[in-house]
Ligand SMILES: [Zn+2]
């Protein structure tokens, strides 16, 4: 598999540093360093002319307009169509050698394996935001993709199964490389596995001509340019993989698909999880999710929205139990610390539930016990939204192995443990500061 890919890369003009070695394992290809690599070394140089995008595929001259609810879905399904078309051309496609190196089956993204353990967890929240469902993909294939491909002379017949696979490859392996190509399959760049601690980064000039992709002067510039300059730079514009740290011989080389991805995000976006992930979280997508049935929540939300970022920061300053780096989102971090915004929302709930108290939120930071009862309600509401939320951790771990080894179960279990640790911490506060219910 790696020999065929390397041969294709050479023909296509992709430069791969001799110190990189490709190995095959059960998940596909991986990249290792055969010799030591220094910081800032350029390891792979990929001409943009050989990425697979809607601009470079065999369908690029066919006008394609797929109706989708969001721009990111639109870009992903459009590229999936182009990828499927190339795949169905088999040896006729100029990307054939590259396509042969890709996984034969669909990447096991969360959307392909609906699982009851995802209920009420971050997997469910991220699925809503980022992924199309199986039903949506199948409808899209039948109503929009197939009519486009029906008249093309293709070696392989396009099927729903092949479209799902193409979509999964785009969702998990495509990169946004610039304004002209947009989302693209980038040969060799997509072979690096993900780690939170990566050793390479992709670099690409994003600002290019929207009409022809030229990096420097071109015929579409408003100011007249020297005709000799035109066209040369277009051919040399590349996507580069560059070492971000020294790499020892024998070490696997990882890319980071995006900063700070939690296991729920990895599972939804890429179909895998990490054994230990410092970026795991329990999130609430909107403040309404926190206490869906709370009658007083409108007043609490109004108060929460009226507080400025600076006030949040000063109110939580010095509170060890609050994560203060990201003040905008509602979450528990992997140490079961509340985000500042979540702390504030609980404080606003506590404040509006207690008419007699002062409106000074900073006082609450000195009386954490007043948050205990609202914390308990939030905890119970989150558990109630989850599959088997009434079972204890011991009962969960006693379930059949086939269930507990599943990514969705593992993520649900981790959320449960974080919620419990958080609830225990804030639930005991009421006893230490003399607060009575
Ligand atoms: Zn141009």
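Angle of helix 297-306 to the longest C-alpha principal axis of the chain, folded into 0 to 90 degrees and rounded to 10: 70°.
GNM remark for the chain: springs join alpha carbons under 10 Å apart, and the peak mean-square fluctuation among 340, 90, 353 falls on 353. Ordering 218, 212 by the number of other Cβ atoms within 10 Å of each residue's own Cβ, fewest first, gives 212, 218.
Pairs of alpha-carbon atoms within less than 8 angstrom and 6+ residues apart define the contacts here; what relative contact order does the chain have, in percent?
Details: 681 pairs, mean separation 78.3, N = 437.
Across the chain, relative contact order equals 18 percent.
I want to verify a result. In a Gaussian network model of the chain, Cα cutoff 10 Å, which of these has the top mean-square fluctuation: 184, 171, 214? With Cα springs under 10 Å in the chain, the top fluctuation among 184, 171, 214 is at 214. Counting neighbouring beta carbons within 10 Å and listing from fewest to most, the residues 160, 348 come out as 160, 348.
Ranked by the mean number of other Cβ atoms within 10 Å of their residues, highest first, the peptides 280-288, 251-259, 393-401 fall in the order 280-288, 251-259, 393-401. So for the range 1-260, averaging the separation of alpha carbon pairs under 8 Å that are six or more residues apart and normalising by length, what relative contact order in percent results? Answer for the range 1-260 is 30 percent. Using Cα atoms only, what is the angle between the long axis of helix 71-89 and the major principal axis of the chain, expressed in degrees (0 to 90) to the nearest 10? Roughly 40 degrees between the two axes.
The range 315-332 and the range 177-220 have Cα centres spaced 35 Å apart. Here r is the Cβ-Cβ distance between residue 151 and residue 18 and R0 is 56 Å; the resulting FRET efficiency, rounded to 0.05, is 0.80. Considering helices alone, the calculated mean residue ellipticity of the chain at 222 nm is -10500 deg cm²/dmol, with DSSP H runs of length four and up weighted by -39500 (n - 2.57) and normalised per residue. For 15, 161, 65, the sequence from fewest to most other C-beta atoms within 10 Å is 65, 161, 15. Principal axis extents of the Cα atoms in the chain, from largest to smallest and rounded to whole angstrom, are 78, 54, 48. Against the longest alpha carbon principal axis of the chain, how many degrees, from 0 to 90 and to the nearest 10, is the axis of helix 160-173 turned? Taking the Cα atoms of the chain, the angle to 160-173 is about 70 degrees.
Within the chain, antiparallel bridges make up roughly 85 percent of the DSSP beta bridges whose residues both belong there.
Here, each number is a calculation from the coordinates, and none is a lab measurement. Remember, predicted model here, so these are calculated numbers, not experimental data. Counting neighbours? That spans all protein chains shown, and the Cβs are built from the backbone with ideal geometry, glycine included.
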